[in-house]
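The values are calculated or read from the model by the stated rules, or taken from the named source; none is laboratory data. Because the structure is predicted, anything quoted here is derived from the model rather than measured. We place every Cβ from the backbone using ideal geometry, glycine too, and count neighbours over all the protein chains shown. Just the protein is used for accessible areas: all its heavy atoms, side chains included, with ligands, DNA and RNA removed. Shrake-Rupley method; radii C 1.70, N 1.55, O 1.52, S 1.80 Å.
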Amino acid sequence: MIKFTEKDNNKQFISINTDENTNIDIIVQEIRKQYPSLKQLHIIFDEAEILIPLETGFPYGFSLNELREYIKPIAAATVTHFSVDTEEPTQRYYG
C-alpha cells in the first residue's frame with residue numbers, strides 16, 4: 001500500500017487495486033495508451049496498486065465507470081476513488 005505524508009492531505013486519487021501477481025507496468029502502459037491525457041500526470045504505483053491523481057480542471061477524457069469497464073478485460077482489479085486523510089488508519093477516506 002502506498003503511504004502518504006501530511007502534504008498529501010485532502011488530495012484525491014483514482015485507485016486501481018490488483019493482486020500482487022498482476023503486472024502493474026502493463027496496466028499503466030495500457031491506460032496511458034487508451035487515455036493519452038494521462039501521459040501528462042505523475043501516476044504513482046507499487047506492486048499491487050496504481051494511483052492516478054485527480055486535479056481540478058484537468059481534461060481526463062474518461063469517467064470513472066468508463067475506466068472500470070476498460071480495466072475489466074486487462075486485469076482483475078478494483079477501481080475506486082478516495083481522498084487522502086492522514087488521520088485515518090489507511091490514510092484514505094472513501095466518501
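Determine if segment 26-36 includes at least one residue that is basic (Lys, Arg), outside any helix (DSSP H, G or I) and surrounded by 11 or more Cβ atoms within 10 Å (Cβ to Cβ). Within segment 26-36, not a single residue is basic (Lys, Arg), outside any helix (DSSP H, G or I) and surrounded by 11 or more Cβ atoms within 10 Å (Cβ to Cβ).
Across segment 37-53, the qualifying residues are those that are open to solvent by 70 Å² or more (accessible area, probe 1.4 Å) and outside any helix (DSSP H, G or I), and the one among them that is farthest from residue 79 (Cα to Cα) is 42. Look at segment 1-30: where a residue is closer than 16 Å to residue 42 by Cα and in contact (Cβ under 8 Å) with a residue 40 or more places away in the chain and a partner is open to solvent by less than 20 Å² (accessible area, probe 1.4 Å) and in a loop (DSSP other than H, G, I, E, B), sitting 6+ places away or on another chain with Cβ atoms under 7 Å, you get 27/75. If the condition is being touching a residue at least 12 places away in the same chain (Cβ under 8 Å), outside any loop (DSSP other than H, G, I, E, B) and open to solvent by 80 Å² or more (accessible area, probe 1.4 Å), then segment 54-95 contributes 78, 81.
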